[in-house]
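These notes concern the structure reproduced below.
We did not get these values from a lab; they are worked out from the coordinates using the rules stated. In this text, all values refer to a predicted model and were calculated from it rather than measured experimentally.
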Amino acid sequence: MEEMYWKVVFQLQDLEQQKSVIDAANAFDLIYEPYELFPDFRKRQQIELLQAVIFELKRDFNEKFAKLGDAKEAATFSISDKNELISELLANLK
């Protein structure tokens, strides 16, 4: 009976810890330390959390890559404008 009591107490502590961390902005804060992964349900939760972290990393990378592509396109456009202006000036000088 006492063993069951402590099992419930530890699960309640885990729930309280998770509730306090859920307010965090991302899944990085929810990941368990390796030494905390001895119960099977934590291992399964860790798998789901790691998948969420990977998804967030991929999403962030894709956003940064899209911004970089837009910046590259803008730089290329400004360079082509400058090249056209230079070629017009060269034509006027000849």
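Details
- For the chain: lysine pairs under 19 Å (alpha-carbon distance), excluding those fewer than 8 apart on one chain: 7
- The angle separating the long axis of helix 2-22 from the principal Cα axis of greatest extent in the chain is about 20 degrees.
- MRE, 222 nm, helices only [DSSP H, n ≥ 4, -39500 (n - 2.57), over the chain, to nearest 500]: -29500 deg cm²/dmol
- Gain in span if fully extended, LEU37 to PHE61, counting 0.36 nm per residue against the direct Cα distance: 5.8 nm
- The convex hull of the Cα atoms of segment 2-93, projected and averaged over all directions, covers 8.6 nm².
- Between helix 40-93 and the chain: long-axis angle, C-alpha atoms, 0 to 90°, nearest 10: 10
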